[in-house]
Every structure is written in C-alpha cells, then in structure tokens.
1. Considering every residue within the stretch 140-158, establish whether at least one is touching a Cys at 6+ places or on another chain (Cβ under 8 Å), within 21 Å of E312 (Cα to Cα) and either of a type in the set (S, T, N, Q) or not assigned by TED's automatic domain parsing to the domain that holds P299 (or both).
2. Enumerate the pairs (first residue in the stretch 201-219 and of a type in the set (D, E, K, R); second residue anywhere and within 12 Å of the ligand (Cβ to nearest atom)) with beta-carbon separation below 6 Å, excluding pairs fewer than 6 apart on the same chain, so at least 6 apart or on different chains.
3. Among the candidates E76, E53, E83, E116, single out the residue that is touching a residue at least 60 places away in the same chain (Cβ under 8 Å), over 30 Å from I189 (Cβ atoms) and assigned to a helix (DSSP H, G or I).
4. Which ones in the stretch 289-336 are surrounded by fewer than 16 Cβ atoms within 10 Å (Cβ to Cβ), hydrophobic (A, V, I, L, M, F, W, C) and touching a residue at least 24 places away in the same chain (Cβ under 8 Å)?
5. Considering only residues that are under 29 Å from V166 (Cα atoms), more than 11 Å from the ligand (Cβ to nearest atom) and crowded, with 19+ Cβ neighbours inside 10 Å, which ones fall in the stretch 205-232?
Amino acid sequence: MLSEIEALRETAGDEINKAGSLKDVQDLKVKYLGKKGLLTVKLRSMGAIPPEERRAFGSLINEAKSYLESAITSQENRFRSDELNQSLRIEKIDVTVPGRYIPAGQLHPSTKVLDELITIFTGLGFTVAEGPEVELDFYNFEALNMPKEHPARDMQDTFYVSDDVVLRTHTSSVQVRTMEKTPPPLRVIAPGKVYRCDADVSHIPMFHQLEGFMVDKNIRMSDLKGVLELFIHRVFGSNTSIRLRPSFFPFTEPSAEIDMSCVICGGKGCNVCSQTGWIEILGAGMINPRIYEMAGYAPDKYTGFAFGLGIERVAMLKYGIDDIRLFPENDRRFLAQF
Ligand code: PHE
C-alpha cells in the first residue's frame, strides 16, 4: 500500500511537471486531487488500513498531497505568467509612432467672408433676415419699383420658374418682405444665394449677396457713407478710401455705385483696376419712397438707405482670386488656401 502511494506520487509529479498547458495542469489537478481523484480515493480508503499502519500511511499520503498541490500551483503560475508576457508582447502599443494624418476640412472662402460681414454688421446693431431663393416676381421686381416690362429688369438675367415666380436675382427681394412684417425703425442685413443666367471669369449663375438696409426718421446719405466706410475699413484696412458715383436703381433714389481704392496697387493704377486706381465694390442708395408705399410705411415720415454687395466679389479682392468660376468647383487645392 505504501509503495503504491509512492508510485502514484511519482507518476503524478512527472505528469504535472511535463504538462504543456494551463488546461493540462488543471485536468491533472482533477485527475489526482479532485473529488474522485486517484489520491483522494486512496485517502478515503484509510478506514480499511490496519490501525498500526494508519499513522505511516496518513503521513505519507498527506505529504504526497501537499507535494502535488505545490507542483500544480507552481505550474499554474508558470503558465499564467507566460500567457501574460505573451499578451504584453502582442498587444504592445508604441506611443512614439507618429500619428496618422487625418485631413481636416476648412471653411469655403464665401462662408468666411459672409461670416466676417455678418459679424461686422451685427456689431453695428443690424439683425439678420432671410427670404426664399425661389421668389415671387412681386418681391424680386414689382415691389422694388420694377413693374413688368420695366427696362431695368434687363439688367438682371433672370431664371424664370413661371410668369410669376423667379429664382431671386438679388437679395433686395428681402427688403419689402421684411418691412411688411416689421414696423420701422429697422436695421437689417439679408445674406444669401442669388441666381443669374450668366457665366464668365467674373460671373457665375449662383453666387452670394449681402443686402443691408436701415430705415428710421432722419436717415441720410452720410449715414450710408459712414456705415459703408466702416465696413470697407474693417475688411480691407483703414487705408482704403471709398467714393460714391451717381448710378441708377429703380428701388433707390438717389442711387450710387460705391468704389474703393484699388487694394492691389493702392490707387496708383494697375490692370486689376484698369489703371483707374478704383474698384467698383457695391451698389447702394437712399430707399425710394415707392418702396415704403409697397411695404405700408409712411413715406413722408421715414427715410433710409439700402446697399447690396456680392460676397464672391469681396472674397476675390480680399484674397486675390482672379476667376470667380473657382468658387463652386470645390477643388480642395483651391479651398485649402484660405
Ligand atoms: N440689388 C442690386 C443688385 O443686385 C444692388 C443694390 C442693393 C443696389 C440695394 C442698391 C440698393 O445689383
């Protein structure tokens, strides 16, 4: 009986030391020390041993048991630390490797200029209004003192949706829409897309305008000039001068074309300004009393000014872009420059 235990301890010890994996070790633990394990069964048979041999048997079997337990524990530890080392090796992250480049987008130059202008004018107390791009002929033309067959309609190459509906040709369409809803006084800008059937280096069929208008008692042309000068100085620098040239728009009287000193040559004359030293930048004027009649304002009580400018035109002068057709192309090589 004693030699049987010794033999069992020997084989079990061998098998445990040669085990190839954690799973093998755990299986051997069950095989020898589990509830029905080979050594456990021997331990249970203690009762059948003659009393004089029991002591020697008991100490031998307990010693065998603790020997196997410690062999198992050390094998388990070995496999667990192998496993850990392996996963540390495989899952290692090299934090010194340079990161992957994720290309970032940027704002379109039209958006940047639009945002800049909105910031300037809201800083002067103007609020932002919007109107539809598919517009009634009434708001785009008639309410602005351009009845059907008015020759001034020819100045704007209109996309007609039907006899009474157009794609708005300018943001001036927002003037009467806003005045109908809001009693004077008001200070409003209306930025947005406009459409004209025209295409060359300085014209594209869809572009952006910013309309501005202010109505109150005693608004004068000098107020218009002051506001425009301030905005030109903010966008192009305080050395830029402006001048007003007489012009004509059916919805303003008097009307003016606003020029600014050429940002390229500083006014000396170059081919951007056709050697004149001046660049036309926007249209403006004192709101024609006919517009107040259309909007339901008292024409004898209020005066005001209006102006309208092309966002892409401002962007071209600000960033030195010489072909407006680049704007709608969305070529990242172009957009990444601003
Ligand atoms: N709406 C005019 C245009 O698009 C510009 C303008 C606006 C002129 C307001 C005078 C007053 O050409």
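The values are calculated or read from the model by the stated rules, or taken from the named source; none is laboratory data. Remember, it's a predicted structure, so these values are computed and weren't measured experimentally. Backbone-built Cβ (ideal geometry, glycine too); neighbour counts: all protein chains shown.
1. The answer is yes, given that some residue of the stretch 140-158 is touching a Cys at 6+ places or on another chain (Cβ under 8 Å), within 21 Å of E312 (Cα to Cα) and either of a type in the set (S, T, N, Q) or not assigned by TED's automatic domain parsing to the domain that holds P299 (or both).
2. Correct list of pairs: E211/T171; E211/S172; E211/V174; E211/A190; E211/G308.
3. Working: E76 fails: touching a residue at least 60 places away in the same chain (Cβ under 8 Å); E53 fails: touching a residue at least 60 places away in the same chain (Cβ under 8 Å); E116 fails: over 30 Å from I189 (Cβ atoms).
Being touching a residue at least 60 places away in the same chain (Cβ under 8 Å), over 30 Å from I189 (Cβ atoms) and assigned to a helix (DSSP H, G or I) holds for just one of E76, E53, E83, E116, which is E83.
4. Scanning the stretch 289-336 gives a single hit, A336.
5. Matches in the stretch 205-232: H208, M214, V215.
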